[in-house]
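Asks: Dropping the structure in here first, questions after.
The values are calculated or read from the model by the stated rules, or taken from the named source; none is laboratory data. This is a predicted model, so every value here is computed, not measured. So basically every Cβ, Gly included, is an ideal-geometry build from the backbone, and we count neighbours across all protein chains shown.
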Amino acid sequence: MEQSFFSLREAEQLLAEPLTALRRELHEHPELSGREVETVRRLRAFFDRPPFEVLPLSMDNALAVRIPGRGSGKRVAIRADMDALPVQEWEGNPIRSQNAGVMHACGHDMHMSFVCGAGLLLAQARERFAGEVLLIFQPAEEIGEGAQQLLDDGLFDRYPVDHILGGHVKPELAAGKISVRTGPVMAALDGFHIEVVGKGGHGACPHACRDPIVAASAMVLALQTVVSRTSDPDKTCVLSVCRIQGGEADNVIPDKVVLEGTMRTVDGDQRAACLDRLFAVAESTAAAMGCKALIRLQRGMPLVVNDPETARICRAKAEGLLGPEQVTALPVDTISEDFALYAQRVPGCYIGIGTGTPGAAFHPLHSDRFFPGDDLLPLGATVFAQMALGLLNEGGRRL
């Protein structure tokens, strides 16, 4: 087992107080996707001291912070997402949002605090690495727009990086455990919008109509075969119809019904095959009912794929810090993430950080009761710092 660069006990002594205060401030003042201006102001104030350098960006709801090492070398980025969700927080949480109807229900307050803590540790370890660390605080992850906005703004053109790290709290994983996978980590996302077009009329005379409600109902069931009869059972695939809209009155058959849903796949060939089958099933089912299916796809995020060598180094550093028994590899997650866009550009590693408590009530991501404990903040920060330092000192190209 490799030796850890940092002592978790020393990190807890250094980080517990400032990170707890920061996390609680961020949790109490969440902002929705695209509106993270005050969050950036709070984070900028946290880094308003040497050796941190806040880099110029054209976006006022994003932040990039540079930590220089002892000389020229590689650049490793650590990314945190900042946006909250339109969720009214449960009144029983120990710390509550002060913005009505907005909540950090996905743990992004934790993610920001992890990366801030990693920055504090790496600033103290500057003599132990050549090169530099780039801390990226990204807006609009929840709506899948923030990563692309930063890339379009030229972040990696002005500040090219050799590796990028990211991660997410995982309530299904026991607190203190870390998940590091090689290869696919989070699924590709495709949304679909289907208009089932028929011929409306009086509900008492269905024989004179081409009922899109009956066709849409059959289509919902038929679409389940896209997964069960197209996808390899060993490869995760999810197809969900999440919205049905049609009709205005209880005695009128409408002209059309709209179905909307999502498909998640973990393999490129699987993705193409399932999309082809989706079109075929929707069109043939509609035709069998005398209707037409007008299908529009919304291609979403690609797969999040961990670079094998980057993941190998990160896993070794996590094991050196926590012990091999605390490091695992969760199955590929069917949730999607725009970290995928960074990992398409540079070698990346996206990790899971356990927050679950065995025997306690389980509250999933996006729940109004989701509130991981502050005691995990030093651990998450130290894991990111450990991995970043390992990547700076091993492999990859030089700046």
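Asks: So which residues in the range 41-89 are part of a helix (DSSP H, G or I) and either without any contact (Cβ under 8 Å) to a residue 60 or more places away in the chain or of a type in the set (S, T, Y) (or both), if there are any at all? So that I can check it myself, show each step before the final result.
Replies: Filtering the range 41-89 for residues part of a helix (DSSP H, G or I) gives 41-46.
Selection gives R41, R42, R44, A45.
Asks: Among the residues of the range 108-127, is there at least one that is assigned by TED's automatic domain parsing to the domain that holds R49, modelled with pLDDT under 95 and aliphatic (A, V, I, L, M)?
Replies: Initially, the range 108-127 is screened for residues assigned by TED's automatic domain parsing to the domain that holds R49, giving 108-127.
Those still in the list that are modelled with pLDDT under 95 too: 124-127.
Now drop any that are not aliphatic (A, V, I, L, M), which leaves 125.
Yes, the conditions are met somewhere in the range 108-127.
Asks: Kindly indicate whether any position in the range 172-188 is crowded, with 20+ Cβ neighbours inside 10 Å, of a type outside the set (D, E) and more than 30 Å from C106 (Cβ to Cβ).
Replies: no
Asks: Considering only residues that are part of a helix (DSSP H, G or I) and under 27 Å from the mean Cα position of the chain (by Cα), which ones fall in the range 215-249?
Replies: L223, V226, V227, S228
Asks: Is it the case that R312 is under 21 Å from V266 (Cβ atoms), of a type in the set (D, E, K, R) and surrounded by fewer than 21 Cβ atoms within 10 Å (Cβ to Cβ)? I'd like the intermediate steps shown before the answer.
Replies: Numbers: under 21 Å from V266 (Cβ atoms): yes; of a type in the set (D, E, K, R): yes; surrounded by fewer than 21 Cβ atoms within 10 Å (Cβ to Cβ): yes.
Yes: the conditions hold for R312.
Asks: If a residue must be over 30 Å from F371 (Cβ atoms), surrounded by fewer than 23 Cβ atoms within 10 Å (Cβ to Cβ) and either under 16 Å from the mean Cα position of the chain (by Cα) or of a type outside the set (A, V, I, L, M) (or both), how many such residues does the range 149-171 contain?
Replies: 9
Asks: Return yes or no: is T310 among the polar types (S, T, N, Q), outside the structural domain of G200 (by TED's automatic domain parsing), in contact (Cβ under 8 Å) with a residue 60 or more places away in the chain and in a strand (DSSP E or B)?
Replies: Working: among the polar types (S, T, N, Q): yes; outside the structural domain of G200 (by TED's automatic domain parsing): yes; in contact (Cβ under 8 Å) with a residue 60 or more places away in the chain: yes; in a strand (DSSP E or B): no.
It is false that T310 is among the polar types (S, T, N, Q), outside the structural domain of G200 (by TED's automatic domain parsing), in contact (Cβ under 8 Å) with a residue 60 or more places away in the chain and in a strand (DSSP E or B).
Asks: Taking the criterion of being assigned to a helix (DSSP H, G or I), surrounded by fewer than 17 Cβ atoms within 10 Å (Cβ to Cβ) and not hydrophobic (A, V, I, L, M, F, W, C), would at least one residue in the range 26-40 satisfy it? I'd like the intermediate steps shown before the answer.
Replies: Restricting attention to the range 26-40, the residues satisfying the condition of being assigned to a helix (DSSP H, G or I) are 26-28, 37-40.
From the residues that got through so far, the ones that are surrounded by fewer than 17 Cβ atoms within 10 Å (Cβ to Cβ) too are 28, 37-38.
In the following step, the residues that additionally are not hydrophobic (A, V, I, L, M, F, W, C) were identified as 28, 38.
Checked the range 26-40: at least one residue is assigned to a helix (DSSP H, G or I), surrounded by fewer than 17 Cβ atoms within 10 Å (Cβ to Cβ) and not hydrophobic (A, V, I, L, M, F, W, C).
Asks: Next up: Can you name every residue in the range 1-40 that is touching a residue at least 24 places away in the same chain (Cβ under 8 Å) and of a type in the set (S, T, Y)? Write out each step before concluding.
Replies: First pass over the range 1-40, keeping only residues touching a residue at least 24 places away in the same chain (Cβ under 8 Å): 1-6, 8, 11-12, 14-16, 18-20, 22-24, 26-37, 39-40.
S4, T20, S33, T39 - these are the residues of the range 1-40 that are touching a residue at least 24 places away in the same chain (Cβ under 8 Å) and of a type in the set (S, T, Y).
Asks: Filter the range 64-121 down to residues that are surrounded by fewer than 22 Cβ atoms within 10 Å (Cβ to Cβ), of a type in the set (D, E) and touching a strand residue (DSSP E or B) at 6+ places or on another chain (Cβ under 7 Å), then give me how many there are.
Replies: The total comes to 0.
Asks: Out of the residues in the range 250-275 that are among the basic types (K, R) and in a strand (DSSP E or B), which is surrounded by the fewest Cβ atoms within 10 Å (Cβ to Cβ)? Write out each step before concluding.
Replies: Looking only at the range 250-275, we keep the residues that are among the basic types (K, R), and these are 256, 264, 271.
This time we only want the ones that are in a strand (DSSP E or B), so: 256, 264.
Numbers: K256: 20, R264: 25.
Within the range 250-275, the match that is surrounded by the fewest Cβ atoms within 10 Å (Cβ to Cβ) is K256.
Asks: Next question, about the same structure. May I ask you to say which residue of A288, A293, A273 is touching a residue at least 40 places away in the same chain (Cβ under 8 Å) and touching a helix residue (DSSP H, G or I) at 6+ places or on another chain (Cβ under 6 Å)? Don't jump to the end; show me each part of the working.
Replies: On the way: A288 fails: touching a helix residue (DSSP H, G or I) at 6+ places or on another chain (Cβ under 6 Å); A273 fails: touching a helix residue (DSSP H, G or I) at 6+ places or on another chain (Cβ under 6 Å).
Sole residue among the options that is touching a residue at least 40 places away in the same chain (Cβ under 8 Å) and touching a helix residue (DSSP H, G or I) at 6+ places or on another chain (Cβ under 6 Å): A293.
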